[in-house]
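Worksheet: one structure, shown below.
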Amino acid sequence: MPHLTISLLGPPQIAQDGVPIKIPTYRLIPLIAYLAITGTSQTRETLASLLWSESSLTHALASLRTTLWRLKSAGLEDWIKLENNEISLNYQKTIEIDVLDFKAKINNCTSHGHPPSQICLFCIPALTEAIELYHGEFMSGFNLSKAQAFDDWRLQESEALQILYLDALEKLVRGHRTFGDFNMAIQYARTWLRQDRYNETAQYALLQLYLITGQRAIAINQYKRYKDFLSHELGIQPSEEINTLYKQILSGRVTPLAAQKVKTPIFLIADIEKADVYWAQSGNNKDNILSLYHAIFKDTSKRFGGQILQRSEDSITMLFENGQPLHCAVTIHLKIKKTDWGETGPPNIRMVLYSTATEDDRHNNFSMITRAASSLLSISWGGQIVFLEQTLRVLDQPPGSKIKDLGFHTLMDIKGPVHVYELIHPHLPAIEHQPLQSGNPQSINFPNLTPAFIGREAELKQLVGLIESPAGRLISLVGPGGVGKTRLAVQFATQIAGQFPDGIFFISLAPIQDPDLIPIILADILKFSFYGPRDHNEQLGNYLHRMNALLVFDNFEHLRLEGAKFLAILLDRTHSLKILVTTRERLNMLAEMTMEVRGLSVPPSELTDNAESYSSIRLFLQNAKRISPRFILEDNTSAIIHICQLVNGLPLGIILASSWVRAYSCMQIAEEVEKNFDFLANSASDLAPRHRSLRAVFDTSWELLSTDERLILSRLSIFPVAFTTQAALEICAASPHILTALLDKSLLHFENNRYVMLETFHQYALGKLEGLVEEYGATKAKFIDYYAEFCRQKDQGLYTPHQRQALDDMISEIENIRTAWNWMVEYDRWDVIDKFQRPLLTFFVMFGYFVQGREFYRLALTRLNSLNDPTLGLIRASMQQHEAWMTIRIGFVNEGLLGLTASLEAFHHYNSAWDIVMSLMLLADAHRILGNVNQGKKIIEEALQLIQDSDFPASNYLVALTANCQSILGTIWIELGDYEQARSILQTSLATHRRIGTYYGTILPLNGLGKLAYLKADFIQSRDLYQQALETATKIYDQRGMALIHNNLGAVYENMACPTESYHHVLTALKICKETGDRRLIAIILNNLAYHQLRYLRHPSEAIRTYHESIEIFSDLADLRGVTYSYYDISKAYLQVSLLDEARNYCLRSLITAMTLDSIPLVLHALHGFANLYANVDDPEWALRLCNLIENHPQIESDTQKRVIVSRVELETRLPPEIIQAARKWGDSSNLQDVIDQILAKKSPSRL
């Protein structure tokens, strides 16, 4: 039965029955990819808007029709269903999609009965298979022009899959270590570290594994490399944890498990839950079961350093003064689970670990300790391992485990409430146990809120820390309306009820408008009656004076000013009283400790597999099922994630959105929310009026603002993303004082030295600004002017030693700059374009953001073309020049050359010498890339001469431009073979850039000097020069430069006989290059990767697949030179697997393509492919004749000559002297064209 394979992990490929399909149109691949990943039918409008997002819908639909019409020519018409307006994959046929397979294997782990973060024995095979499917980033190397919507979707998918991949690696390391397969753990730790070099957890895991396995020397070397890496890359030292581990490695001592000292003695008490029932079921087998049961405890306790103190049937007490008690407990559970207990089944054991508070208490009464521990054991459940907080502090937690907070409980034989925790581990039963059976000392008056509380584990833990602090007497939960402050306060107070023997009291202030009523409301809740004429505040203070109680004031913001005075009186007149307040605005009191409450956790991507582990998703699902009991998460996951992202995890927003599931699909809900947040409304009677819509929530917050604050906040909505204090001041007249006030009111957040507005509130505030038409226009104008000036100021630093800082400043503002650029184009503000264009061009080139840069310039160019204004001709030529260079950098060199040539003609028309120099420099580099080195030399020399002849004003930029031209000329001299001339001019360029501090400019001359050393076989010097270039490129995050240098280092290390290092550099180059969009460089690196797969990894089939990827890119770019080389290379791979017809076919293709270019050097290179072919088909004589013909030709390139010499020498060792002599004469006398004609006539080697 035919089957279709859709491979998207790595460069995309579609194959039918294992044979790759030649796709006739580039957009067919993303169309199929989107249908495959979404797994549902899509409307034509959806697909058209996705794939042609920058075109009108009419034009996009027409383009979609054309693409679908070409399905037949690709043989895909049966695999895609076209029904009316819907398009989908035909799942009635067999379709394999690697991404879905990858996710399914990872999802398998969620069916094993343990939390997603844990790993069991059954997880390991599934994760291993998933890792093997991951051949690279999602659709790597694939870029689609004029389809920003698709690119955004692809990037989200890629990031989500990368996170899954790294998470799988981490789990495999942890799992193999836990289950004792240390070699596999080391292997995956290395892979993890290669993929995520900055990950300290991975580094620690690898070092620890080396220590455990006794590989001390390797561990020391690994640490030193890591330390050097951190120093060079980040200028920091390893963490204290890693340094401590390193000292342990140096000491060479690993303490045996049973000998490790515990901080204070720990008792382990265990029994069988409902033991009487269990023994009754065991019948006559009880003695055998007890024997097995006791043996497990005895053997395991000995291994982990425990002593059995008491044993009475199923009840066992152990003492640990050394060893690892928690590991012992987990191992006992695992052994009991794995032991065959016959028909009775395994006993359901429960355990308590109990320690004295300190080492000084080791002589506490034994019976007292065991009674307390037994009290805790009596309220726990089978399958649990529980302990108190004082024990948790001294326990060594096993790998793969986590701690669950069970709250405070009152126990017999223990004074006061105690904080109880439970161990969660893959070896323990994956059961959600009922709460422990203990009571709290008093009732509480909290409202019964729905829906049930979800998530907020981190916030609850933080609140525990605040309330336990002596300074934590007044705690404010601050956040916007609808964020869940009240629910959090109620949940927290319920959880810690046992800590306040005099009670916890909830005071709702939402309906109260007069602050003088607060004492009266509080007295009523406390059941306190005022007496006499004395001040009410004073009476309450006296009543609460010695009470150990907690007051929870809800909705305090509208009473903040006067209400704060009342709270101050209560705090002043009491000793043990604590107060928790929920408010939209800080109280600004000296005693106040604040905790900012934000939305629930939201998955980072719509493709996150473990979506249900995020609190926002669980809340949506819970509320949706309440409204529609048959509602399920499957098929709705991505839409629900999108909804939660749109409302920033705001619980109220999630509840309002999920309330529509009876009337709308989740995708429709997401679309409505995205269009207008007024959709988020509900008239349910049990919702407070202020919570029946997000607009009502925001209206309440808006009414609490002053007139100035409203105006400033509406202006601040002009920022699409985060913004700085300076930008807010200059664009919106927002003083630091007002920004702080808005921060206090939870309408802004402050992160990484930047302000950000909640997305849903951003819509609300922007609506307010849009209603002020003149204000909106004026704010936009200021926005454009500010970011134009911002770019101009950064331009001054881009050609100084402060280059890196200038680049960092620009990248942090790039989204705001993009918005300013778009508005500049939309409103024809061409008066500011000079401030934008040079720094932006430098930014895009240095960071390798070529696709993004082309979008900028194409937008401006399209607008300028439509205006057809002669006065804007020079600006249009500049945009054409910049767009052309970005096009060249992503691999479309011939297309870019046309744009550069046209811009040069325009600059000549306007007699703009500066722009002429720029175009000449870029043209010369483009010709160098294409191999037209003589043409490139002529053009770059013309540029240098023009700089010398023109009277340009002196500046660092001019000096740097001249040095850049010299670097290009130096690299051209290398290609022409004049190495001394090349060295001289490259050293001059390097010295210039170093003198003025333009780091980026040093990369090309260092690269050139590294190549010179490589060509002279001085590989050590070549490596050092490349390393210098790489250090600079990494420092300024020049992605393309990093990729190019890693690729070059791959060649150096190969010649140093270090294939492993070589392969690593090539892989690194490919990973980095895929992020730049430079498809031509990607194709070159893929070719090198295939070479390594063929020669060193001995994987010819993988090499052939990689060569095909390279050929496809070169063909798509119409880069015939690259195609010629790749055809030649792939023929050798086919020879290794004895596919002689395919090898001959690609030799012919290489030769024909070289002849099309009319390049004799390329023709000679292609002919060497035939020499390889003949040498492998038992015709070494004719192979030798061809080698002599090629080697003696005057136009042979050095690389080809080296290859031919190796082949000739190898052949001469196999042949007699007379045939060798005859072959030399034949090579000297034969005509190149005659030989080519005979090869093309398909004559066999023996008749050539």
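The values are calculated or read from the model by the stated rules, or taken from the named source; none is laboratory data. Bear in mind the structure is a predicted one, so any value in this text is a computation, not a measurement. Positions of Cβ are generated from backbone atoms using ideal geometry, with glycine treated the same way; all protein chains shown enter the neighbour counts.
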Per the filter on the stretch 244-284, residues modelled with pLDDT under 70, surrounded by 11 or more Cβ atoms within 10 Å (Cβ to Cβ) and among the small types (G, A, S) are A258
Filter pass, L607 being touching a residue at least 60 places away in the same chain (Cβ under 8 Å), touching a Gly at 6+ places or on another chain (Cβ under 9 Å) and not charged (D, E, K, R)
no
Please specify each residue of the stretch 327-380 satisfying the condition of being modelled with pLDDT under 75, of a type in the set (D, E, K, R) and within 45 Å of the chain's Cα centre (by Cα).
none
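Conditions (1) in a loop (DSSP other than H, G, I, E, B); (2) without any contact (Cβ under 8 Å) to a residue 40 or more places away in the chain; (3) not hydroxyl-bearing (S, T, Y), marked per residue:
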| site | (1), (2), (3) |
| --- | --- |
| Y26 | yes, no, no |
| Y34 | no, no, no |
| I37 | no, no, yes |
| T40 | yes, no, no |
| S55 | yes, no, no |
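Results for (1) within 18 Å of E730 (Cβ to Cβ); (2) of a type in the set (F, W, Y); (3) at pLDDT 95 or above; (4) assigned by TED's automatic domain parsing to the domain that holds G1001, shown as yes or no for each residue.
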{"residue": "A788", "(1), (2), (3), (4)": "yes, no, yes, no"}
{"residue": "Q793", "(1), (2), (3), (4)": "yes, no, no, no"}
{"residue": "L798", "(1), (2), (3), (4)": "no, no, no, no"}
{"residue": "R804", "(1), (2), (3), (4)": "no, no, no, no"}
{"residue": "D808", "(1), (2), (3), (4)": "no, no, no, no"}
{"residue": "I814", "(1), (2), (3), (4)": "no, no, no, no"}
{"residue": "D834", "(1), (2), (3), (4)": "no, no, no, no"}
{"residue": "R838", "(1), (2), (3), (4)": "no, no, no, no"}
Specify the residue that is nearest to G977 (Cα to Cα); the eligible residues are those in the stretch 1176-1200 that are out of contact with any Phe, Trp or Tyr (no Cβ under 9 Å at 6 or more places or on another chain) and in contact (Cβ under 8 Å) with a residue 40 or more places away in the chain.
S1198
Kindly evaluate S616 against the criterion of being in contact with a helix residue (DSSP H, G or I) (Cβ under 8 Å, 6 or more places away or on another chain), outside any loop (DSSP other than H, G, I, E, B), crowded, with 16+ Cβ neighbours inside 10 Å and not acidic (D, E).
yes
Considering only the stretch 543-562, I want to know if a residue exists there that is more than 26 Å from V483 (Cα to Cα), aromatic (F, W, Y), outside any loop (DSSP other than H, G, I, E, B) and not assigned by TED's automatic domain parsing to the domain that holds K745.
yes
If I go through the stretch 1089-1098 residue by residue, how many of them are of a type in the set (D, E, K, R) and surrounded by 20 or more Cβ atoms within 10 Å (Cβ to Cβ)?
0
Residue set L600, L580, L590; condition crowded, with 22+ Cβ neighbours inside 10 Å, assigned to a loop (DSSP other than H, G, I, E, B) and hydrophobic (A, V, I, L, M, F, W, C); output residue L600
Here the qualifying pairs (Cβ atoms under 7 Å; residues six or more apart or on different chains; first in the stretch 873-897 and under 20 Å from N822 (Cα atoms); second at pLDDT 90 or above and of a type in the set (S, T, N, Q)) come out as L874/S912; A877/S903; S878/Q837; Q880/S903; Q881/S903; Q881/S919; H882/Q837; A884/S903
Name the one entry in Y999, Y957, Y1014 that is closer than 23 Å to H232 by Cα and aromatic (F, W, Y).
Y999
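One line per residue, one yes/no per condition, for (1) touching a His at 6+ places or on another chain (Cβ under 9 Å); (2) under 18 Å from K72 (Cα atoms); (3) surrounded by fewer than 15 Cβ atoms within 10 Å (Cβ to Cβ); (4) modelled with pLDDT under 85:
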| site | (1), (2), (3), (4) |
| --- | --- |
| I6 | no, yes, no, no |
| L9 | yes, no, no, no |
| I23 | no, yes, no, yes |
| I29 | no, yes, no, no |
| G39 | no, no, yes, yes |
| T43 | no, no, yes, no |
| L51 | no, no, no, no |
If you check A1175 against the conditions, is it in the same structural domain as S1138 (by TED's automatic domain parsing), over 14 Å from Y1128 (Cβ atoms), crowded, with 23+ Cβ neighbours inside 10 Å and of a type in the set (A, V, I, L, M)?
no
Tabulated pairs, the stretch 262-281, first closer than 19 Å to R371 by Cα, second charged (D, E, K, R) and at pLDDT below 80, C-beta under 7 angstrom, 6+ apart or interchain:
T264/E359; T264/R362; P265/R362
Within the stretch 124-150, track down each residue that is crowded, with 21+ Cβ neighbours inside 10 Å and assigned to a helix (DSSP H, G or I).
L127, A130, F150
Going by the conditions given, is R1224 in a loop (DSSP other than H, G, I, E, B), farther than 26 Å from K1016 by Cβ and over 54 Å from the mean Cα position of the chain (by Cα)?
no
Inside the stretch 1034-1088, can you point out the residues that are in contact with a helix residue (DSSP H, G or I) (Cβ under 9 Å, 6 or more places away or on another chain), on the phi > 0 side of the Ramachandran plot and surrounded by fewer than 24 Cβ atoms within 10 Å (Cβ to Cβ)?
Y1037
Matching residues, the stretch 415-425, being out of contact with any Leu (no Cβ under 6 Å at 6 or more places or on another chain) and modelled with pLDDT of 65 or more:
H419, L423, I424, H425
Based on what the data block shows, is I1205 closer than 26 Å to G977 by Cβ, assigned by TED's automatic domain parsing to the domain that holds F1170 and assigned to a helix (DSSP H, G or I)?
yes
Quick check: anything in the stretch 1193-1206 under 18 Å from D1129 (Cβ atoms), crowded, with 16+ Cβ neighbours inside 10 Å and at pLDDT 90 or above?
yes
Has the stretch 172-183 got at least one residue that is under 24 Å from A1043 (Cβ atoms) and at pLDDT 85 or above?
no
Going through L230, L209 one at a time, which residue ends up being aliphatic (A, V, I, L, M), touching a helix residue (DSSP H, G or I) at 6+ places or on another chain (Cβ under 7 Å), modelled with pLDDT of 80 or more and surrounded by 15 or more Cβ atoms within 10 Å (Cβ to Cβ)?
L209
Output the number of residues of the stretch 334-349 satisfying the condition of being buried (at least 22 other Cβ atoms within 10 Å of the Cβ) and not hydrophobic (A, V, I, L, M, F, W, C).
1
Give all pairs with beta carbons closer than 8 Å in which a residue from the stretch 339-350 that is within 15 Å of S291 (Cβ to Cβ) meets a residue that is part of a helix (DSSP H, G or I) and basic (K, R); count only pairs at least 6 apart in sequence or on separate chains.
P346/K337
Select, from S1150, S1101, the only residue that is of a type in the set (G, A, S) and surrounded by fewer than 24 Cβ atoms within 10 Å (Cβ to Cβ).
S1101
Taking helices (runs of 4 or more DSSP H) that fall entirely within the stretch 813-920, which contain at least 2 residues that are crowded, with 17+ Cβ neighbours inside 10 Å and among the small types (G, A, S)?
850-867, 873-889, 893-910
